[in-house]
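Trainee: Got a structure for you, written out below as structure tokens; questions coming shortly.
The values are calculated or read from the model by the stated rules, or taken from the named source; none is laboratory data. This one's a predicted model, so the numbers in the text were calculated from it and none came from an experiment. Here the Cβ positions follow ideal geometry from the backbone for every residue, glycine too, while neighbour counts run over all protein chains shown. Please note that ligands, DNA and RNA were not included when accessible areas were found on the heavy atoms of the full protein model with its side chains. Shrake-Rupley method; radii C 1.70, N 1.55, O 1.52, S 1.80 Å.
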Amino acid sequence: MAGFCRSVRRRNAARLVALSLTALPTAYAHAADAGAVSAADASAVTADSNPSETIVVTGTQFKAELAPAKASLETTEPQTIINRQYIENFLPPTSDYVGVLAIAPGMTGTDGNGPGLSDGGTKNTLRGLPDGMFAMEYDGIAFGDTNGPSHHSLSYFPASTIGAAVVDRGPGNAGNLSAATFGGTLKLFSEELIDQSRFKGTFGYGSFNTSYENLNIQSGAFGTDATRILLNFDHKYSDGALSFQDVNDYNLLLKVNHDFGQNWKLTLFTSYNNLLEHLNDNAGATPAQIMAYGKDFALQDTNPNLPTYTKYSRTRKQTDMDYARVQGNITDSFKLDDTVYTYAYTNHTFSSRNIEQTAADIAAGTAEGLGGKFTPIVNGVTQPATDVPGYSKLNAYRVWGNILRLSEDYQFGSVTGQLRAGVWWEGNRTIRARYDFDLTRCIALGLYPSNNYYYIAGQPNSLAACQDSSLATAAQKNAAIRTPNGYAEFDEHSAWYQYQPFAELDIHPFEGLTLTPGIKYVNWESKTSSLIEPKLSPLQPYQGQFTTTKTLPFMQANYKIQSSWSVYAEYAQGIYVPDISNFEQKNPVVQFPKAETTANYQVGTVYYSDNFTADADLYLIKVNNNISTESCTLIGQPAGDTCFVNTGAATYKGIEAESTYAFRGPLDGFQVFGSGSLMSSKSNGLWLKAAPFWTAAAGVMYVRDSWKFSVIDKSTGPQYQDNADNPIYKLKSYSTVGLTAAYTFNHFELGVAVDNILNSRSVVAITENSAAGAQGFLPNSIDQYFYQAPASVMFTIKAQY
């Protein structure tokens, strides 16, 4: 295997989402935008969404307004809708989107540092596809890293900023936009603005010295032309379940809606997030470290002679997302929706190079990352072999773009429908760099990390006192390449410019049937201009530019057998555009690799009754040029990097289902739900890495009068942690059970949330680093293991006015 490093009107306002007529004051149901649903009058719903992305409510008396897993009767692909009540009432308040989305069929996700307490926690997978092989959106805007569309769970949107979520398990139609939609799209939506003023405050404290504060203020409608304002502030601090892996995260969100003219709306949005944490860039405990220090070992604060010293591992991540959106009717049938946006991510990481230890290393008071070719050289002088080598890493990008959507309702005789068309355009600028330092010398001299290098206040050249050129001279085989920020392993500037015009047509040939053919064209130009390009040998400047183009057809159908029972089918082609990691090769790239392409086939059904909902589906995804992750050390690249390999053709297939039942009579207020999936994710006859054989969820919830209560279990089936089906790297199934309870009186609510109440400590991931002779849980292994976080509890008090 060759290694290399690296939306949509669901219908019109007649479309349906499973929410009760007896829901809480504001229930949320979204398919592609944050449309408020008034539970008091489902028949009068008008979605706050663009004309090409809308969802609606059923007219049944279904009571499962708190159901965590349901689909719309109008969907044309497998889907799970998660509303605000589930997020706010039945999850720990520190949760991030990984915890929110894990309940859906085919999804996995947990955090070994505690719920929502690490940006380096285990990420979501969807149907066995890793993060980056599916899309993520916030208010219809696709976001993700620019060196591959992966995501960071704490870096943008904590749970308090998520008004609702939809897991679309498929490419969607032509108007579903992202760099990698074939695996599905995880759609997050901001809180809907309401007409009544409201104040909510939350304070929580719990395990791992975790504190949480949230302030949420809605202005309500005011002014001649109604204006509404939302302000949300979120902060959490925790020492973390893992030793000395603390996290300090702030988020500020402002959203404004202004109605103007006739049927026109302007939305302004901004969100800023600032995350600080002590987290090693190459995290994970080896078997010897686990045997010596326990499953919760990450860092230590007593011995600066080891790379596990906490002061050597510091990360600061700052992000923002901003957009302006105009929606309105040009005529009664012709609608416009335009969004201009920008988002940015800046990651300054300060890390030791390698924290792995074998039993022999621990006995000798040393580590794998010490000595050898990593012995630091500062200003031409070789430092002691006991000095800890490390680096500072910069990953910074800004993305900007525009999404234009137009729609026109039509009628030809008895045939009605809607034509939708638009174009998505986007560009970005990215800087990725890594600079080498002697960490021991830096700390001894009192130098501390700022941005991407060390400095002393008032002495701008002081970073030279601990710059490490050892790796540069070893890897570059020439005079060490030195930049203004130090000795660089790489200093890469990249960009893309892409546009995707699309068109699709809803056709209603007769009542109950909707056919939606569509087409999308992808034109994606990738560029890199590097002072030092990663992986080239010897390291040297490099410039490259390639363009990927592809026309993608879609066909979807939904048929209403009855008003509360529908079936659907979908055929869609998808693409993963090769990212800048493809430039990062040992030799200069002269031919860009082929894109990963897919053909998706799906069928399913959705059924509602007055107190029951169920949906199920079958899917088949055929992939060419399948991409999977692997430790870079296995293909001769530096430790700590994640590299990507092309496994050739792959097939993903499976069956999924979910259901909720709401009791009446003496048990009124109780609901039970269940969901599950059976999956096969293989390439060349072998299971793909981190692709579970099955997932399952089940739970009971109670909401009545002043009480709320839930017990929810999420289980993940066996999976391999390599691409060779080595039994050493086969994980057993594991389960996480959570409990919540709350009591409301006057304007206050007292609550408790217990995560992993059974204290399951199963292995949830393994990073394979060892040669064949040291594989497995052995004293000489340098594989790295990740476990479920131990049981934790958080107490909260909420006030609402």
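Trainee: Does residue 779 satisfy the criteria of being open to solvent by less than 30 Å² (accessible area, probe 1.4 Å), part of a loop (DSSP other than H, G, I, E, B), over 21 Å from residue 675 (Cα atoms) and not polar (S, T, N, Q)? It would help to see each step written out before you state the result.
Mentor: Values: open to solvent by less than 30 Å² (accessible area, probe 1.4 Å): no; part of a loop (DSSP other than H, G, I, E, B): yes; over 21 Å from residue 675 (Cα atoms): yes; not polar (S, T, N, Q): yes.
No; evaluated as a whole, the condition is false for this residue.
Trainee: Is it the case that some residue within the range 326-345 is more than 26 Å from residue 429 (Cβ to Cβ), touching a Ser or Thr at 6+ places or on another chain (Cβ under 7 Å) and part of a strand (DSSP E or B)?
Mentor: yes
Trainee: Another question, if that's okay. Report yes if residue 403 is closer than 30 Å to residue 775 by Cα and at pLDDT 95 or above, otherwise no. First the steps, then the outcome.
Mentor: Values: closer than 30 Å to residue 775 by Cα: no; at pLDDT 95 or above: yes.
Here the answer is no, as residue 403 does not meet what is asked.
Trainee: For the range 228-255, name all the residues that are in contact with a Pro (Cβ under 8 Å, 6 or more places away or on another chain) and open to solvent by less than 10 Å² (accessible area, probe 1.4 Å).
Mentor: First, the residues of the range 228-255 that are in contact with a Pro (Cβ under 8 Å, 6 or more places away or on another chain): 234, 236, 241, 249, 251.
Once the filter is applied, which keeps residues that are in contact with a Pro (Cβ under 8 Å, 6 or more places away or on another chain) and open to solvent by less than 10 Å² (accessible area, probe 1.4 Å), the range 228-255 yields 234, 236, 249, 251.
Trainee: Out of 195, 225, which single residue is open to solvent by 30 Å² or more (accessible area, probe 1.4 Å), touching an Asp or Glu at 6+ places or on another chain (Cβ under 6 Å), at negative phi and in a loop (DSSP other than H, G, I, E, B)? Walk me through it before giving the result.
Mentor: On the way: 195 fails: touching an Asp or Glu at 6+ places or on another chain (Cβ under 6 Å).
From the options 195, 225, the qualifying one is 225.
Trainee: Pairs needed: first member in the range 708-720, of a type in the set (A, V, I, L, M); second member anywhere, assigned to a strand (DSSP E or B) and open to solvent by 30 Å² or more (accessible area, probe 1.4 Å); C-beta distance under 6 Å; at least 6 residues apart or different chains.
Mentor: Partner pairs satisfying both residue conditions: 711/700; 711/739.
Trainee: Could you tell me whether the range 117-124 includes any residue that is buried (at least 24 other Cβ atoms within 10 Å of the Cβ), among the basic types (Lys, Arg) and over 30 Å from residue 199 (Cβ atoms)?
Mentor: So far as the range 117-124 goes, no, none of its residues is buried (at least 24 other Cβ atoms within 10 Å of the Cβ), among the basic types (Lys, Arg) and over 30 Å from residue 199 (Cβ atoms).
Trainee: Still on this structure: Those residues that are under 27 Å from the mean Cα position of the chain (by Cα) and open to solvent by 40 Å² or more (accessible area, probe 1.4 Å), I need them from the range 696-710; list them, please. Walk me through it before giving the result.
Mentor: Here is the first cut: in the range 696-710, the residues under 27 Å from the mean Cα position of the chain (by Cα) are 696-701, 710.
698, 700 - these are the residues of the range 696-710 that are under 27 Å from the mean Cα position of the chain (by Cα) and open to solvent by 40 Å² or more (accessible area, probe 1.4 Å).
Trainee: Filter the range 623-666 down to residues that are of a type in the set (Lys, Arg) and either modelled with pLDDT of 95 or more or under 30 Å from residue 533 (Cβ atoms) (or both), then give me how many there are. Steps first, answer last, please.
Mentor: The first filter runs over the range 623-666 and keeps only residues of a type in the set (Lys, Arg), leaving 653, 664.
Still in the running and either modelled with pLDDT of 95 or more or under 30 Å from residue 533 (Cβ atoms) (or both): 653.
The qualifying residues number 1.
Trainee: Scan the range 70-95 residue by residue and report those that are open to solvent by 10 Å² or more (accessible area, probe 1.4 Å), assigned to a loop (DSSP other than H, G, I, E, B) and in contact with a helix residue (DSSP H, G or I) (Cβ under 9 Å, 6 or more places away or on another chain).
Mentor: 91, 92, 93
Trainee: Could you please tell me which pairs satisfy a Cβ distance under 9 Å, a separation of 6+ or placement on different chains, a first residue in the range 352-364 that is within 19 Å of residue 387 (Cβ to Cβ) and assigned to a loop (DSSP other than H, G, I, E, B), and a second residue that is open to solvent by less than 20 Å² (accessible area, probe 1.4 Å) and of a type in the set (D, E, K, R)?
Mentor: Close Cβ pairs satisfying both conditions: 353/436; 356/783.
Trainee: Residue 776 versus (1) at pLDDT 95 or above; (2) among the small types (Gly, Ala, Ser); (3) touching a helix residue (DSSP H, G or I) at 6+ places or on another chain (Cβ under 8 Å): which is the lone unmet condition?
Mentor: (1)
Trainee: Those residues that are within 18 Å of residue 169 (Cβ to Cβ), surrounded by fewer than 23 Cβ atoms within 10 Å (Cβ to Cβ) and polar (S, T, N, Q), I need them from the range 659-679; list them, please.
Mentor: 659
Trainee: Quick test for you: out of 355, 377, pick the one residue that is in contact with a Pro (Cβ under 8 Å, 6 or more places away or on another chain), hydrophobic (A, V, I, L, M, F, W, C) and crowded, with 17+ Cβ neighbours inside 10 Å. Steps first, please.
Mentor: On the way: 377 fails: in contact with a Pro (Cβ under 8 Å, 6 or more places away or on another chain).
Exactly one of 355, 377 is in contact with a Pro (Cβ under 8 Å, 6 or more places away or on another chain), hydrophobic (A, V, I, L, M, F, W, C) and crowded, with 17+ Cβ neighbours inside 10 Å, namely 355.
Trainee: State yes or no: is residue 398 of a type in the set (D, E, K, R), at pLDDT 90 or above, open to solvent by 30 Å² or more (accessible area, probe 1.4 Å) and under 30 Å from residue 179 (Cβ atoms)? Please lay out each step first, then the result.
Mentor: On the way: of a type in the set (D, E, K, R): yes; at pLDDT 90 or above: yes; open to solvent by 30 Å² or more (accessible area, probe 1.4 Å): yes; under 30 Å from residue 179 (Cβ atoms): yes.
Criteria met by residue 398.
Trainee: Next question. Out of (1) within 28 Å of the chain's Cα centre (by Cα); (2) open to solvent by 30 Å² or more (accessible area, probe 1.4 Å); (3) at pLDDT below 80; (4) under 21 Å from residue 147 (Cβ atoms), what's the single condition that is false for residue 425?
Mentor: (3)
Trainee: So for the range 233-254 (the condition being over 25 Å from the mean Cα position of the chain (by Cα), assigned to a strand (DSSP E or B) and among the polar types (S, T, N, Q)), does at least one residue qualify? If you could, list the steps in order and put the result at the bottom.
Mentor: To start, the set of residues in the range 233-254 that are over 25 Å from the mean Cα position of the chain (by Cα) comprises none.
No, the range 233-254 contains no residue that is over 25 Å from the mean Cα position of the chain (by Cα), assigned to a strand (DSSP E or B) and among the polar types (S, T, N, Q).
Trainee: Looking only at the range 504-546, which residues are open to solvent by 30 Å² or more (accessible area, probe 1.4 Å), assigned to a strand (DSSP E or B) and farther than 30 Å from residue 75 by Cα?
Mentor: Correct list: 525, 527, 529, 531, 543, 545, 546.
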